[in-house]
Amino acid sequence: MLRILTARLRQGHRTIGYPDAPPVLPDRYRGLPVVNAAKCDDGCAKCAQACPTGAIDRRKGTLSLDMGKCLFCAACVEDCPAGAISFTSEHRMAVRNRADLIVSDRVSAMAAALDEKSRRLFGRSLKLRQVSAGGCNACEADLNVLSTVVYDLSRFGIQFVASPRHADGVVVTGPVTANMKQALLETYEAVPAPKIVIAVGACAISGGPYIGHPECGGGAAEWLPVDLFVPGCPPHPITILDGLLRLLGRMDDGVKAKGDRAG
Amino acid sequence: MARPTGLILHNASAAPTERLPVLSVSELREAVIGGVAAGARLAAFFCASQSGSSSRLVAVLAHGASSTLEAYAADVGREYPALTPDCPAAHWFEREIAEQARLSPQGHPWLKPVRSQSQKKAAAEPGVTDYFRMEGDEIHEVAVGPVHAGIIEPGHFRFQCHGENVYHLEISLGYQHRGVERAMRGPITARSIHYMETLAGDTTVGHATAYCQAVEALSGTHVSAHAHVIRAIALELERLANHTGDLGALAGDVGFLPTASYCGRIRGDFLNMTALLCGNRFGRGLVRPGGVGFEFEPARREEMSRRLAAARRDVTEAVNLLWDTPSVMSRFQETGVVSRSTAIELGLVGVAARACGLERDSRLEFPTGIYSFAQIPVSAVETGDVFARAFVRWLEIQRSLAFIEERLATVPEGVLRSPVATLKPSQIAVSLVEGWRGEICHVAMTDAAGNFAAYKVVDPSFHNWMGLAMALRNQQISDFPLCNKSFNLSYCGHDL
């Protein structure tokens, strides 16, 4: 018993300060991409050729990158002779609309909060059921980590629950394999309305590396009305947390004041 | 009859396919059944190609004692006498062969698909298939999954119970099937490395390394010692993160919250060290054909050393609480026992095998890269129970920590990433990596144009799922979560 108490003292309080304090991210972290078509040479589309998932659209005079397909591998950056694409350390990437994941010269929108009625319902207590539908266990792992002492998700009133009957929504990972489609849809059906759907990771948004495979679909939005898209492969836990808090209107942009969103 | 000799390969080496002996079915049976009986392991067994009514089967035996791999081929018709009745380690492979190549291994005792890749319809219905059933008034059946209570991947578990007692557990997988092996056939594309990195996301470094070793063998690419050291550090960090997370989860499953919450955090500390290397917590972007994608500068090494020392202190304290707590030990000990003989028969690998006293570890038996020069002792425990699987992890955590600390002291200089030539035509390469769950085996075969004619992936989970089923025999059904966590097998790594 004494050893348990000593260990408790020594291990200390380890919950991060976020969202009151800015997150600590590795220096090589690849966050929000920015593109600058003005730097492109005419006729060059090396970035689009390097991209494993067809996330880059490079047609005459334009350059855009779809974060919903992006694996954040930076193969495009490596192959671009002009430095027209770069990945910033910006972690706030979750959006409400699929189209807002497409990064071009214009600044895209960060996730807006749910409508007033939904916020009244979910704002202080949101219970989620997670369904992995072909996820590789990386997105799942970084969702799981939100419940550890480091992120302590329950301090925001958000919890992952065991039964869809107890849930206010589902969090989908994976490209939705043919073999999991029915189980996903039945789980969604079992959640009482009103309910929300959150797609986490490139697979759940677009199919990711598995786009076009006959064995799986192109993500959750093919089957379900998605309310929040969290891009990444996998997204950093902070990106997921930021998205959840934005959805609930819990980010009063205290973080935003500390550093304007790049791009 | 003397056992036929196969094509002898070393780990991560290639040879012309024409040197692969094509045996008759009875010779193949003799070679594999006899080889396994003499102590070899069946590392891979698959259908490499089909033409007309003829199918070419390829088997790879792993001889740990001589650090050699032995490959055989045989052409079979629609039916052939199954190996499984004489070599149980072949049972899952032959179910896969029957499903993928639509062959009929005659005499296989339980020939049903391993991935629910129904040929008739696009999607399989969850849990709808034939299961082994017991009859009797007091017998009841429990069905769990594919959607589970926690944040985990999908699989279906069917228990045949008498009261609380489990007589039989059947595990039905395939929900995660994404078509990786099919997509790997043909030329290397921009997606190939990403298939490997997401094959089992928690084993990104392990599978990416197995793939890169195969590509390097097939293209004759030399990888610098510098890059090998960075790969090995990343592989051990992956082991540290997952083993630490597993020990925390095992503690959670028996309601011992101190270790559960500390290890949940410390696991993240290890993942963040991988992110220090490459920006991603799972090692995405780090291992690339020819070497690695990121520099490992002296300042970064110092930072990792500092973090490693802190994590060593924390994990030692957190994990040792387990062994000192009688309520934990009474739940771990004698729960979910797999006997040594069962482990040998099924061909278990990795932590599950070493927990049955089998000294199987590819890092020592089939070393590549820096493991050829810096050996890690095998951590084995004899008891085969949940405690053994937990304690093997703890021994391995300590050895991985020591290994990384040693590597950080002297990182040899060298090229970060060597250019990779095109793949040589008509070759076969076998690549083994000891991932945190156990032996990862990739077998790559090229065609006359130098494209992949076949790409076979054997995740350690493929060998070990049956081990979990055996561990549940005569256990309380309430011990299933604990037993399951003590194996912590991959669903997507199996389903591919």
*Tell me, what is the FRET efficiency for B:Asp130 and B:Arg102 to the nearest 0.05, using R0 = 22 angstrom and their Cβ-Cβ distance as r?*
0.80
*For B:Arg306 and B:Arg182, compute 0.36 nm times the residue count separating them, minus their Cα-Cα distance, and round to one decimal in nm.*
40.3 nm
_Per-bin percent of Cα-Cα distances, the protein assembly as shown [20 Å]_ = 17, 53, 28, 2, 0
*What angle do you read, to the nearest 10 degrees and between 0 and 90, between the alpha-carbon axis of helix A:181-190 and the longest principal axis of chain A?*
50
*Throw me the Rg/Rh for segment A:65-107, computed over C-alpha atoms with Kirkwood Rh, two decimals.*
0.96
*Can you give the charge dipole size of segment B:180-495 about its Cα centre, rounded to the nearest 20 debye, using +1 on the beta carbon of Lys and Arg and -1 on the beta carbon of Asp and Glu?*
500
_Normalised contact order of chain B, rounded percent, pairs of Cα under 8 Å and 6 or more residues apart_ = 19
*Taking each full run of DSSP H in chain B as one helix, which ones are at least 20 Å long along their axis (Cα atoms) and have mean Kyte-Doolittle hydropathy of at least 0.0?*
B:204-219, B:225-253, B:257-278, B:386-409
*Going highest first, how would you order A:201-208, B:331-338, A:21-28, A:141-148 by mean Cβ packing within 10 Å?*
A:201-208, A:141-148, B:331-338, A:21-28
*Decide, for chain B, between rounded, prolate and oblate: order the square roots of the alpha carbon gyration tensor eigenvalues as a ≥ b ≥ c, take rounded if a/c falls under 1.5, and otherwise choose prolate if a/b is larger than b/c, else oblate.*
oblate
*Determine the shielding of peptide A:176-189 by partner chains: average, over its residues, the number of Cβ atoms on other chains within 10 angstrom of each Cβ.*
6
*Label-point separation in nm, B:Gln50 to A:Glu116, each point 7 Å along Cα→Cβ*: 6.3
*What residues qualify as long-range amide H neighbours of B:His108, i.e. H under 5 Å apart, gap of 5 or more or another chain, H built at 1.01 Å from N?*
B:Ala82
*Within a 10 angstrom radius of each residue's Cβ in B:194-203, how many Cβ atoms of other chains show up on average? Whole number is fine.*
6
*Give me Rg over Rh for chain A, both radii from the alpha carbons and Rh done the Kirkwood way, two decimal places.*
1.00
*Projected onto the charge dipole of segment A:1-95 (+1 at Lys/Arg Cβ, -1 at Asp/Glu Cβ, origin at the Cα centre), which of A:Gln11, A:Pro22, A:Cys44 gives the Cα projection farthest towards the positive end?*
A:Gln11
*Neighbouring Cβ atoms within 10 Å as the yardstick, rank B:Trp110, B:Trp465, A:Trp223 fewest first.*
B:Trp110, A:Trp223, B:Trp465
*asked:* Defining a contact as two alpha carbons under 8 Å apart and six or more residues distant in sequence, what relative contact order in percent does chain A show?
replied: 22
*For chain B, what is the calculated [θ] at 222 nm in deg cm²/dmol (nearest 500), taking -39500 (n - 2.57) for each run of four or more DSSP H residues and dividing by its residue count?*
-12500 deg cm²/dmol
*Using only the alpha carbons of segment A:1-58, determine the length spanned along each of the three principal axes and report them from longest to shortest in whole angstroms.*
70, 25, 15
*Relative to the first principal axis of the alpha-carbon coordinates of chain A, what is the inclination of helix A:237-247, with its axis defined by its Cα atoms, in degrees from 0 to 90 and to the nearest 10?*
80
*Can you give the mean number of other chain Cβ atoms that lie within 10 Å of the Cβ atoms in peptide B:262-270?*
5
*How many percent of all Cα-Cα pairs in segment B:335-423 sit more than 19 Å apart?*
51
_Between B:His10 and B:Ala143, what is 0.36 nm times their sequence separation minus the Cα-Cα distance? Round to one decimal in nm._
43.5 nm
_Cα-based Rg of segment A:116-258 normalised by 2.2 N^0.38 Å, two decimals_ = 1.00
_So if I average 1/r over every pair of distinct C-alpha atoms in segment B:7-106 and take the inverse, what Kirkwood radius in Å does that give?_
13.6
*Charged-residue dipole, Cβ positions (Lys, Arg, Asp, Glu), the protein assembly as shown about Cα centre, Debye nearest 20*: 1440
*So what's the angle, to the nearest 10 degrees on a 0 to 90 scale, between helix A:2-11 and the longest Cα principal axis of chain A?*
30
*What FRET efficiency comes out for the pair B:Thr410/A:Asp152, r = Cβ-Cβ distance, R0 = 41 Å, nearest 0.05?*
0.55
*So which GluC sites (Glu not before Pro) in segment B:390-496 end up in coil per DSSP with only 12 or fewer other C-beta atoms within 10 Å?*
B:Glu413
_Contact order relative to length of segment B:1-123, as percent, for alpha carbon pairs under 8 angstrom and 6 or more apart_ = 23
*What's the exposure ranking of A:Arg8, A:Arg58, B:Arg399, going from fewest to most Cβ atoms within 10 Å?*
A:Arg8, B:Arg399, A:Arg58
*Take A:Val161, project a point 7 Å from its Cα along the Cβ direction, then tell me which residues of segment A:173-213 have their backbone nitrogen under 15 Å from it.*
A:187-197
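Values quoted throughout were computed directly from the atomic coordinates according to the rules given, and no laboratory measurement underlies them. Just so it is clear, the structure is predicted and the values come from calculations on it, not from any experiment. For neighbour counting, all protein chains shown are included, and Cβ atoms are generated from backbone atoms with ideal geometry for every residue, glycine included.
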